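Where a number appears in this text, it was derived from the coordinates with a stated rule and is not lab data. Treat the numbers as computed from the prediction; the structure is a model and nothing was measured. Note that we place each Cβ from the backbone using ideal geometry, even for glycine, and neighbour counts take in every protein chain shown.
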């Protein structure tokens, strides 16, 4: 898989090295009083330091340090410094005619360069004690430190990015799991309602089958979208409530108030249904004493959803499943609307009330 070229990173590297080169060139040219010497020394210094930097960042650190091969890494660092030393010495003696005469005059000036005896220099050209060589080694060590710091920061950034990607993957996986848990539950209740309708309200069956078809289409297709319009969510809610009205043989105990000015607002699909479903399931709406009240409004960019239901004195066996949908929707709210929702749940001995405000 071909990696994308990070031009921003390349540009930053080029800018840093050019800045370093300009500073070095200005300092060397001023010290020597010769621009050609300044150019040559600057190219030599930048080349060696860039060599040390990138060998450490892209070879030694990832291949050795990152593999916990610390001893081999330290040995490689020492070898790299030796290579830099000899490379610096070789570059100190270019072909005759390359450097101006001023270069040789400066090298032989005892006040500026405390060189060893000429005999030692002649016999041991690579091992003489040269202050500039020592300075180059020190700066190479500094470059090693900078490159290691750069690599550590780069690794920390990669780990942070990987953790963020992993978090997003886990989020998507959990949301899919939550939706997969919600959808079969809705289908199960819808099928129960249509089953009851076939025995009690045969004349309305075709119309309710069409509503069920719309509900199934919404569950199977629309709910897989990350966002849907509030209008589509309301359409599903109305169809669901119509089934409940048929099941309860009337709507005297069901009070629904939907007053939405901004139906184009986007919302997570199937977000309100678990609250509605639980209200109908646990209110014992089939009895004369059971009731459900729901209100859905919008205010500016806020969606305000309220629902309350009665609580029967007698606990039915179906209440053993209480809370499955509510727990799922709480998790969805935490994942999808962090710091963008307010959920209030009030429960007493005779009623259960929920208020949800979504800040879109």
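For segment 1-65, the percent of C-alpha pairs falling in each 10 Å distance bin, counted from 0 to the bin holding the largest distance, reads 19, 36, 29, 13, 3, 0. Extending 7 Å from Cα along the Cβ direction at residue 225 and again at residue 342 yields two label points whose distance is 2.9 nm. The modelled label-to-label distance between residue 164 and residue 16, using points 7 Å beyond Cα along the C-beta direction, is 2.0 nm.
Pop the C-beta distance of residue 266 and residue 156 into the FRET formula with R0 = 51 Å and round what comes out to the nearest 0.05.
On the way: r = 36 Å, r/R0 = 0.71.
Approximately 0.90, to the nearest 0.05.
Estimate the FRET efficiency between residue 195 and residue 313 by the formula 1/(1 + (r/R0)^6), using the beta-carbon distance for r and 22 Å for R0, to the nearest 0.05. Don't jump to the answer; show the numbers that get you there.
Numbers: r = 28 Å, r/R0 = 1.27.
E(calc), rounded to 0.05, equals 0.20.
Treating r as the C-beta distance of residue 304 and residue 6 and R0 as 51 Å, the FRET efficiency rounds to 0.65.
For segment 6-42, the residues whose backbone nitrogen is under 13 Å from a point 7 Å from the Cα of residue 135, taken along Cα to Cβ, are 24-33, 38, 41-42.
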